[in-house]
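Here is the structure we will look at.
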Amino acid sequence: MHCISDKVVDEIKNRILGILRYNPDGLTMIKIASLIGVHRNTIPKYLYELKGEERVRIRLIGPAKLFYLNKKSNKTVEKDEDIKRLRELMV
């Protein structure tokens, strides 16, 4: 069993929040996974942790779930270096 450090967990969560910040129309788990570069089965854990922290919200559209940044979370990814790093990841 692999143990992921808190630093890696925080990095993945921050990437998710940054991607959702730049996609206000919402994204599916699969799209978020592809943008971050992790396996699609990895993403639900972090998305539901973020939902529990009230940093993201979910909207059901048929069988799909779209994830959105909770408006309160906009302030959590406002650091200049985080934004710069996320822009580089999205290129």
Some residue of the range 7-29 being in a loop (DSSP other than H, G, I, E, B) and modelled with pLDDT under 90: no
Answer residue from the range 59-73, given it is outside any loop (DSSP other than H, G, I, E, B) and surrounded by fewer than 13 Cβ atoms within 10 Å (Cβ to Cβ) and is modelled with the lowest pLDDT among those: Lys72
Test: residue in the range 28-48 that is under 11 Å from Leu69 (Cβ atoms) and crowded, with 19+ Cβ neighbours inside 10 Å: no
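Does Ile32 count as at pLDDT 95 or above, in a helix (DSSP H, G or I) and aliphatic (A, V, I, L, M)?
So Ile32 fits the description; yes.
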Tabulated pairs, the range 34-60, first of a type in the set (Ser, Thr, Tyr), second surrounded by 15 or more Cβ atoms within 10 Å (Cβ to Cβ) and in a helix (DSSP H, G or I), C-beta under 7 angstrom, 6+ apart or interchain: Thr42/Ala33; Tyr46/Ile12; Tyr46/Lys13; Tyr46/Ile16
Residue match in the range 3-23 (condition: buried (at least 16 other Cβ atoms within 10 Å of the Cβ) and either at positive phi or out of contact with any helix residue (DSSP H, G or I) (no Cβ under 7 Å at 6 or more places or on another chain) (or both)): yes
Verdict on Ile83 being among the hydrophobic types (A, V, I, L, M, F, W, C), modelled with pLDDT of 95 or more and surrounded by 12 or more Cβ atoms within 10 Å (Cβ to Cβ): no
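The values are calculated or read from the model by the stated rules, or taken from the named source; none is laboratory data. Because the structure is predicted, anything quoted here is derived from the model rather than measured. With ideal geometry, Cβ positions are generated from the backbone for all residues, glycine too; neighbour counts draw on all protein chains shown.
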